[in-house]
Amino acid sequence: MKKIILSFSLILILVLINGSTFTVMEHEQGLRIQLGRVVGQPVQDAGLHFKLPFIQEVRRFDKRILQLDVEPSEVPTLDKKFIWVDTTARWKISNPLTFYKALRGIPNAEARMATIISGITKDTVSNYNLIEMVRNSNSILDDIQEAREEAKQKSITDATDTTMDELTVSVEPIQFGREKISELITQRSKEELKNFGIFLVDVQIRSIAYKEVVEQKVYKRMISERMKIATKIRSAGFGEKEKIYGKVELSLKKIESQAYKKSQEIRGQAEADAVRVYAEALNLDPEYYEFVRTLQMYENIFKTNSKLILSTDSHFLELLKKGFITSG
């Protein structure tokens, strides 16, 4: 009988010890709940803690940063464009006591957060034009300016400058951008959620989708603008090509003119030298010179099989009559 009582007592002690202690992990925080009410302070430290057995229970909450994907919602922009905005939020439980009293648990918290963030997102986005939601900065305008400076350094024609000007006009500058709008949504939502024991880390606009009608209009506008810009660029390129061809042709004509001038100078000098040589030969032996020149004329005439009708007393046939030329 004593053994039975001892065993029962031991089991009872173990049950009491087990029921009066609880463990909190590093990533957890807990609350002691007694008859539906929170008693004591929140348990923030990891380790072994105590509670009243049987009448107290422990509710644990995650201390880590959690993520909430808000359902995409249709939002009108300031310029009356309807878009679908998909947001995501990072948050954590900063005050488990307030969190439990207000929301009881994670599912209710996520539903309340989604409602608050979605409403603030709609109110905020509706105050800005569509272009502010699409871009984060004016870096594209800086790129255009850099391209303009590079074109000037390369002496590109005015047509390219005109194209750059039109491209700059077609790219509308922004004042805020999506990142700053996201920060504004975060700040406004953070103020609302701190009353629920929630610390909102940030809200990010994950994606933006156009309604089908708006999407088609945007695509058509983009295509039209890009085609216009492409036409201007091609026109500028064609103008540059013609300009280069003109320079090349001018250079070729200049080179040909200089070469022709040089060849004429050489030819004139050669003819002058030939005349001088002939004159010197004539002065040295006029008869020999006449003899050689006559032979050259015979060779040129007979080589072409030409027919000549001459009288017998022609001076041209004098060498033949004198018998200076013998048949081979």
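Scanning the range 27-42 turns up no residue that is at pLDDT 90 or above, touching an Asp or Glu at 6+ places or on another chain (Cβ under 8 Å) and within 30 Å of Ser207 (Cα to Cα).
Checking Arg206, Arg226 one by one, the residue that is surrounded by 11 or more Cβ atoms within 10 Å (Cβ to Cβ), assigned by TED's automatic domain parsing to the domain that holds Thr186 and either closer than 30 Å to Ala114 by Cβ or over 21 Å from the mean Cα position of the chain (by Cα) (or both) is Arg206 and no other.
Of the helices (runs of 4 or more DSSP H) that lie entirely inside the range 112-215, those containing 2 or more residues that are at pLDDT 75 or above span 130-134, 178-193. Of the residues that make up the range 68-81, is at least one in contact with a Leu (Cβ under 7 Å, 6 or more places away or on another chain), modelled with pLDDT of 90 or more and of a type outside the set (S, T, N, Q)? No, the range 68-81 contains no residue that is in contact with a Leu (Cβ under 7 Å, 6 or more places away or on another chain), modelled with pLDDT of 90 or more and of a type outside the set (S, T, N, Q).
Summed over the range 78-87, the residues that are over 26 Å from the mean Cα position of the chain (by Cα) and part of a strand (DSSP E or B) give a count of 1. Can you tell me which residue within the range 47-70, out of those that are in a strand (DSSP E or B) and among the charged types (D, E, K, R), is farthest from Gly36 (Cα to Cα)? It comes out as Asp69. Residue-level check: of (1) within 19 Å of Asp79 (Cα to Cα); (2) surrounded by fewer than 15 Cβ atoms within 10 Å (Cβ to Cβ), Ile181 misses just (2).
When residues in the range 120-134 are screened for being farther than 16 Å from Ser207 by Cβ and within 26 Å of the chain's Cα centre (by Cα), 3 of them pass. Only residues that are crowded, with 18+ Cβ neighbours inside 10 Å and more than 24 Å from Met25 (Cα to Cα) were counted in the range 58-80, giving 3.
The values are calculated or read from the model by the stated rules, or taken from the named source; none is laboratory data. Bear in mind the structure is a predicted one, so any value in this text is a computation, not a measurement. Glycine gets a Cβ as well: all are built from the backbone with ideal geometry, and neighbour counts include every protein chain shown.
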